[in-house]
């Protein structure tokens, strides 16, 4: 389970690198000097009795650091876990459609983590200095619901024989590409969405980088990584009887596609580790 893996990772980081970095950050962000360890900082942010104004000041200091320090993003992500748990539970209760073809439960958690890290990196510090934790959770909620809505719309309202965008080629317009017909069957059966199929073709057939393909289909780079992983897995499961004849390869991520140094990449959240958790 992603949460178990994330907690194990935190225990290692909090005893080592994060403890040293927190001490160094205190020289620039005085509000952090009161916390001897990352665990005490998190305990303060989780304490319901602590003054909300002081919590905001601590979070704002961490968010400023997160612009250039990925470790600060990791601390904010840890601080937001209770809110993310509540959000995930509410969304799964009220939106049972978070299964195929929109967002599965494990995928929902992946998207929650990715979206939270995006919001941490881009939070408008000057414009929204109050209720920081609540604002982060609300922003993530809106982003995840929008992603689920796009996935459902792509599955039910975008037939594969129509272009995804007015100036895009249709999936039928790529002559000689053997993967089109299996992809078309998968979309018609709602195993994957039309947007997922377009992403697979852009990267695996047209040779477009994942970052460029993400821009074309209106996704962030991190969400595109999740979507293309999910699409490959669902496609191969759907086409299991034909997989010996099907070859859909996603090109390795080039160096230029690597996330910026200011973004924490939740490498612990992988299919293998989810199964292990």
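The values are calculated or read from the model by the stated rules, or taken from the named source; none is laboratory data. Just so you know, these numbers come straight off a predicted model, no measurement behind them. As a convention, Cβ positions derive from the backbone with ideal geometry for all residues, glycine included, and neighbour counts pool all protein chains shown.
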Inset, instruction - Sort out which residues of the range 1-23 are exposed (fewer than 14 other Cβ atoms within 10 Å of the Cβ), assigned to a helix (DSSP H, G or I) and more than 23 Å from the chain's Cα centre (by Cα), and write them in order of number. - result: 15, 17, 20
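Going by what's in this entry, would residue 14 be described as closer than 24 Å to residue 134 by Cβ and in contact (Cβ under 8 Å) with a residue 24 or more places away in the chain? Before the answer, list the steps.
Details: closer than 24 Å to residue 134 by Cβ: no; in contact (Cβ under 8 Å) with a residue 24 or more places away in the chain: yes.
Judged against the criteria, residue 14 is not a match.
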Legend entry - Cβ pairs under 8 Å, 6+ apart, first in the range 170-198 and farther than 18 Å from residue 234 by Cα and assigned by TED's automatic domain parsing to the domain that holds residue 233, second at pLDDT 50 or above and part of a loop (DSSP other than H, G, I, E, B): 174/205; 174/206; 177/205
Legend entry - Within the range 200-257, tally of residues that are at pLDDT 75 or above, within 20 Å of residue 110 (Cα to Cα) and not in a helix (DSSP H, G or I): 3
Legend entry - Failed condition for residue 31, given (1) surrounded by fewer than 18 Cβ atoms within 10 Å (Cβ to Cβ); (2) out of contact with any helix residue (DSSP H, G or I) (no Cβ under 6 Å at 6 or more places or on another chain); (3) within 19 Å of residue 130 (Cα to Cα): (2)
